[in-house]
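A.B. asks: I am attaching a structure below and will ask some questions about it afterwards.
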Amino acid sequence: MKYDQVKEMVALFNQSSNQEMQLETADIKLYLNKQGSSLSGTTQASKLTKIDSPESVENAPAEGKPAETAIEAPLVGSIYLQPAPSEPQFVTVGQTVAVGDVVCVIEAMKMMTEVKSPVAGTIAEILVQNEELVEYQQPLFKVKEG
């Protein structure tokens, strides 16, 4: 299955009334789910997940320290960390973000979707490269809340 076919399938799914879709072929596994997301025009709020890897559980922050939250991709597509090639990135490591600040844009089927920060805090880590293909619910940024 080609990338353009996947992008078209995601766009059709987003326009449909279906809430969930799963496709498995020899070369791809695709799972799409609209439950728990909120769409507003071309902007979709990204889903949050607490980082709970074995390392982070063992080295959990002491009481009172800010929690780390991952900002996840709300859809499959190409991620752009800057608004234009000649402009600076939306956010950098160490930068403070407020709720609603645009942290990146994801392109799917020639439609640009802004990914906004659902939490206030400091960007701790950028987990993707510019123009990389990202998957649904793939962690994009780690944010230290507070």
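The values are calculated or read from the model by the stated rules, or taken from the named source; none is laboratory data. What you are looking at is a predicted structure, and each value in this text was computed from that prediction instead of being measured. Every residue, glycine as well, gets a Cβ built from its backbone with ideal geometry; the counts of neighbours run over all protein chains shown.
A.B. asks: Can you tell me which residue in the stretch 116-146 is surrounded by the most Cβ atoms within 10 Å (Cβ to Cβ), limited to those that are touching a strand residue (DSSP E or B) at 6+ places or on another chain (Cβ under 7 Å) and more than 15 Å from THR69 (Cα to Cα)?
C.D. replies: VAL134
A.B. asks: Residues that are exposed (fewer than 12 other Cβ atoms within 10 Å of the Cβ), modelled with pLDDT under 70 and not aliphatic (A, V, I, L, M): find the strands (runs of 3 or more DSSP E) completely inside the stretch 17-99 holding 1 or more of those.
C.D. replies: The strands (runs of 3 or more DSSP E) meeting that bar are 48-50.
A.B. asks: Mind listing whichever residues of the stretch 85-109 are among the acidic types (Asp, Glu) and touching a Ser or Thr at 6+ places or on another chain (Cβ under 8 Å)?
C.D. replies: ASP101, GLU107
A.B. asks: Another question about this same structure. I'm told LEU12 meets every condition in (1) at pLDDT 75 or above; (2) under 22 Å from THR122 (Cβ atoms); (3) loosely packed, with under 14 Cβ neighbours inside 10 Å except one. Can you identify the failing condition by its number?
C.D. replies: (2)
A.B. asks: For the stretch 100-118, which positions are more than 13 Å from the chain's Cα centre (by Cα) and either not in a strand (DSSP E or B) or not hydrophobic (A, V, I, L, M, F, W, C) (or both)?
C.D. replies: Residues satisfying the conditions are GLY100, ASP101, MET109, LYS110.
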